[in-house]
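Student: Pasting a structure below so you can have a look.
The values are calculated or read from the model by the stated rules, or taken from the named source; none is laboratory data. What you see is a predicted model, and the numbers here were worked out from it, not measured in a lab. Glycine also receives a Cβ, built like all others from the backbone with ideal geometry; neighbour counts cover every protein chain displayed.
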C-alpha cells in the first residue's frame with residue numbers, strides 16, 4: 001500500500017472461483033454470439049470493477065493487474081481526481097466538437113503538453129482519439145511541411161491498425177495479414193536490438209548503418225519523416241543501444257527530415273521520465289502520445305514544432321471527437337495526479353523491483369535470455385535454455401498460468417516470446433511483490449514440464 005494514495009478497493013489477490021468463473025463464462029457465451037470474432041482478449045474474465053493495482057471480475061475474483069490496459073491506467077483505473085473531473089465535465093457538456101464550438105479544456109491540454117514534452121522550442125499541439133490516429137496525422141503533417149513523401153519506420157515497430165499505420169507496423173500476424181494493400185512510400189530500416197545484434201555493436205554504429213541504407217535506398221532529399229518508438233512496445237520492449245536515437249535525430253535535423261518519436265506506450269512517466277526521449281536528451285520534431293495521457297479515457301495528441309504543425313492548412317487536421325471535452329478534463333486531472341504522486345520516481349522504484357525478481361528467476365530457470373526495459377516498462381524474453389532461440393510456446397503457457405492464479409500479464413514481441421510488465425504506477429509494494437512471485441512460480445512450473 002502507498003500512504004499517499006487512497007484505494008477504494010482492497011489491494012489484494014483473491015480468488016473465489018476458478019478462472020473463468022460462471023458469470024464470466026456466461027458473458028463469454030453471449031460475446032460469441034454478439035461480438036466480432038476478430039476482436040481478441042488476453043484474459044478470460046470480465047471486469048466489474050478496478051482500482052489501484054487490482055481488477056475485480058464479475059464473479060468477485062480480485063486479480064493483480066500487471067498490464068494497466070496496455071500502459072493506459074498508469075494512475076489507476078479509478079483515480080478519484082480523474083473520476084471527479086469526468087463527472088463534473090459530463091455534467092456541463094459531453095461534446096460540441098472543437099472544430100465547431102471550441103472550449104478551454106482542449107487549449108489547456110495543448111498548453112500542458114507543449115510544456116511537458118522534450119525541448120523548449122515553440123510548439124503546437126493537436127488532439128485526437130487514438131495512438132494510431134496521432135501517428136497518421138503526424139506523418140500527414142510531416143509530408144505536407146517538407147513537400148516530401150518517403151517515411152522510414154523500423155523493424156519490430158508497432159504504430160497502429162489504420163491503413164497507414166499498418167504499413168508502418170512491422171509484424172504481419174495479427175496486425176497486417178490479409179488487410180493490404182497498404183500505404184505507399186514507407187521504407188523499413190534495421191532497429192538496434194542489443195540482445196540480438198552483433199556482439200559489441202554500439203548504438204552509434206547501428207544508427208550509421210541505418211543512415212547509409214537511407215542514403216542508398218531513398219536519399220535524404222526524398223525523406224519526409226523518420227518515426228520510431230524510443231522503446232519499442234509490441235515489438236518486444238526493445239531498448240536501443242545508447243547513442244542510436246541521438247545519432248538518428250541529429251542526422252535527421254541536419255537533413256531536414258522530421259524526427260517523430262512515437263511515445264504512445266512509453267509516455268507519461270511510464271519509463272521513469274515524463275517521456276522516454278528524455279533519457280538521452282533527444283528532442284523530437286514531433287511526438288505522438290496516447291494511452292496513459294487521460295487515465296483511461298480515449299485521447300491522443302501530436303505535439304511538435306510550431307512551423308511544422310502550423311504549415312497545415314485550416315481544416316487539414318482534426319476530427320469530430322478529437323480532444324473530446326470529457327477526455328480533456330480527464331487528461332488534466334491525470335497529469336495532476338502524476339505530478340502530485342511523483343509517478344516518474346515511482347516508475348523507477350517499480351522497475352528496480354521487477355528487474356531484481358526477474359534476475360532471480362533467470363538464474364533459477366535458465367529460460368530468460370534477456371531482461372530489459374526502463375522504469376515500469378520491463379520485459380523478459382523467454383528462450384530455450386542455453387540458446388537465444390525464441391520460446392513462444394512457453395511464453396503463452398506462462399501468461400496463462402499466471403492468469404489462472406490471478407495475475408494479469410501480457411505478452412508481446414516479434415517472435416511472440418516476451419512477457420511484458422506494465423503495472424499501474426500507483427501499485428503498492430506488497431501487491432507488486434505478490435504478483436511477481438506468482439509470475440516467478442508460473443515460469444518455473446511451466447519450464448519444468
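Student: I'd like to check which strands (runs of 3 or more DSSP E) are fully inside segment 118-225 and have at least 3 residues that are farther than 30 Å from residue 332 by Cβ.
Tutor: Numbers: elements: 123-128, 150-154, 186-189.
Those strands (runs of 3 or more DSSP E) span 150-154, 186-189.
Student: Please return the ranges of helices (runs of 4 or more DSSP H) entirely within segment 1-106 where 2 or more residues are surrounded by 20 or more Cβ atoms within 10 Å (Cβ to Cβ). Full working, then the answer.
Tutor: Values: elements: 22-34, 68-71, 80-92.
Passing ranges, in order: 68-71, 80-92.
Student: Among the residues of segment 393-409, what is the count of those that are out of contact with any strand residue (DSSP E or B) (no Cβ under 8 Å at 6 or more places or on another chain) and within 12 Å of residue 447 (Cα to Cα)?
Tutor: So the count comes out to 3.
Student: Which residue is surrounded by the fewest Cβ atoms within 10 Å (Cβ to Cβ), if the candidates are limited to segment 117-135 and must be in contact (Cβ under 8 Å) with a residue 40 or more places away in the chain and over 24 Å from residue 160 (Cα atoms)?
Tutor: So, considering only residues that are in contact (Cβ under 8 Å) with a residue 40 or more places away in the chain and over 24 Å from residue 160 (Cα atoms), the one surrounded by the fewest Cβ atoms within 10 Å (Cβ to Cβ) is 122.
Student: Among 256, 267, which is in the same structural domain as residue 147 (by TED's automatic domain parsing), touching a helix residue (DSSP H, G or I) at 6+ places or on another chain (Cβ under 9 Å), surrounded by fewer than 18 Cβ atoms within 10 Å (Cβ to Cβ) and part of a loop (DSSP other than H, G, I, E, B)? Walk me through how you get there before you give the answer.
Tutor: Values: 267 fails: surrounded by fewer than 18 Cβ atoms within 10 Å (Cβ to Cβ).
Only one candidate passes the filter, namely 256.
Student: Out of segment 186-201, which residues are in contact (Cβ under 8 Å) with a residue 40 or more places away in the chain and closer than 14 Å to residue 226 by Cα? Let's see the steps before the verdict.
Tutor: Restricting attention to segment 186-201, the residues satisfying the condition of being in contact (Cβ under 8 Å) with a residue 40 or more places away in the chain are 191-197, 201.
Within segment 186-201, just 191 meets the criteria.
Student: Among the residues of segment 146-168 satisfying the criterion of being over 18 Å from residue 218 (Cβ atoms) and touching a residue at least 24 places away in the same chain (Cβ under 8 Å), which is surrounded by the most Cβ atoms within 10 Å (Cβ to Cβ)? Don't jump to the end; show me each part of the working.
Tutor: At the first step, the residues of segment 146-168 found to be over 18 Å from residue 218 (Cβ atoms) are 156, 158-163, 165-166.
With the extra rule that they be touching a residue at least 24 places away in the same chain (Cβ under 8 Å), the set shrinks to 156, 158-162, 165.
Numbers: 156: 24, 158: 26, 159: 31, 160: 23, 161: 15, 162: 17, 165: 26.
Looking at the filtered set, the residue picked out is 159.
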